[in-house]
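Undergrad: Sharing a structure with you now.
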Amino acid sequence: MSTNVVKVNKESVSFRDGNASGINIGDRFFIYDPSQTSMGLILPDSDPVAEVEVTKAFEFSSVAGLIKGKLPKGNIGSLEKVKPGWLARMSRRAHAATVYVDIQDPKSPILEAIKTASVIEANALAPLSWTYPPKDNSTIPDYVVSVGQNTTFEIQHKDYGLLPHIPSINANGSGPRKLVYLLQHISMYHATMKLKPKAGSVRKVEPKYHLNFQDVSDEISQEGVVSAWEITFTNKDQKVLYVTILDLDSAYGISQTYPEGSAASVAVDIGDHFTYRTGIAVPDLLQDEVDNPEFYMEDVFKVIITDEQASFSHLELPDLENPNDLGSSERKTVSLAPRQAAWYVEEKIIRYPY
């Protein structure tokens, strides 16, 4: 995740992004000289001029203080030459999901392999905090990992129970490494899932709007689409509202369905509305389960409404598919939204079959 410097002081900088873009207190960023960037990207082998840690995070801005010490290539970080407009890229995410590995044999080779993989494959942008037997009963971990009777990993979440629709990963061989990648991905997904409807807003007055999901499946004949919906949003407030719609699917993927691509949120003028149609398909990961009479899947649509234009494309994640592909592509990151976030979230859960 990247942002830009808008103000520079002797020991701190201000960024143009904040909570609405997933920046929270404790997150760290590297700041780069423009000569080391191109079209918003960091050039290979570039060295940052400073590392900073976020000390204040507002809805659409944040403040970060200089971390005194050596940078990755040994240079001492400084804000002396930093100017507004310089690019900053996240170097470490503050929030870490907790994982308890429920393997009781201290000499288990699988347990040792997990401990090794958890260190080697650690990702500062999707941090995991690992614990092992004996269990500390004073806290409840986000995830509990165990090995099932068929020697594949099973993962339980503290809120959702035994997780369905995850790739089958054998606990032997390269399994522990794939487990780490899988948990990193799933923790990102669940962080966005925690954006609950109408929760976490600090608004004194909720925005006024009308939101409607209309089933139009009978009107759609596109191959692969099993469910289709027409979404209508009407701004009934006395100010312009900005809207982004995310789809969290049953294969642990997150896509921005409106506006399409990675565009920033769309402005809806006072009294105006937009209508948008979206189709739902069965993810590749679930294709083998479709013929099971007990099969079902759920898509969770998050409609995010703000007073200012913001971008939420950094929350996107690819669907989980082949376990052999875990860790093979760069993952975008998400963070747990703070309880005092000043955006507003509406949620619609669509289940198939109905």
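Undergrad: Scan the stretch 19-59 for residues that are surrounded by 15 or more Cβ atoms within 10 Å (Cβ to Cβ) and free of Cβ contacts under 8 Å to residues at least 24 places away in the same chain and report the count.
TA: Number satisfying all stated conditions: 2.
Undergrad: Another one. How many residues are more than 12 Å from Leu315 (Cα to Cα), of a type in the set (Gly, Ala, Ser) and modelled with pLDDT of 80 or more if we restrict to the stretch 188-202?
TA: So the answer is 0.
Undergrad: Contact list please: Cβ distance under 8 Å, first residue in the stretch 105-116 and in contact (Cβ under 8 Å) with a residue 40 or more places away in the chain, second residue β-branched (Val, Ile, Thr) and part of a loop (DSSP other than H, G, I, E, B), pairs at least six apart or on different chains.
TA: Hits for this filter: Ile110/Ile103; Ile114/Ile103.
Undergrad: Those residues that are surrounded by 18 or more Cβ atoms within 10 Å (Cβ to Cβ) and of a type in the set (Gly, Ala, Ser), I need them from the stretch 97-116; list them, please.
TA: Those that are surrounded by 18 or more Cβ atoms within 10 Å (Cβ to Cβ) and of a type in the set (Gly, Ala, Ser): Ala97, Ala113.
Undergrad: What residue, of Val180, Val119, is buried (at least 16 other Cβ atoms within 10 Å of the Cβ) and either charged (D, E, K, R) or at pLDDT 90 or above (or both)?
TA: Unique residue meeting the criteria: Val180.
Undergrad: Being in contact (Cβ under 8 Å) with a residue 60 or more places away in the chain and in a strand (DSSP E or B) is the filter here; which residues of the stretch 1-18 pass it?
TA: Of everything in the stretch 1-18, those that are in contact (Cβ under 8 Å) with a residue 60 or more places away in the chain and in a strand (DSSP E or B) turn out to be Ser2, Thr3, Asn4, Val5, Val6, Lys7, Val8, Ser12, Val13, Phe15.
The values are calculated or read from the model by the stated rules, or taken from the named source; none is laboratory data. None of these values were measured; they are calculated from a predicted model. In this analysis, Cβ positions are derived from the backbone assuming ideal geometry, glycine residues included, and neighbour counts consider all displayed protein chains.
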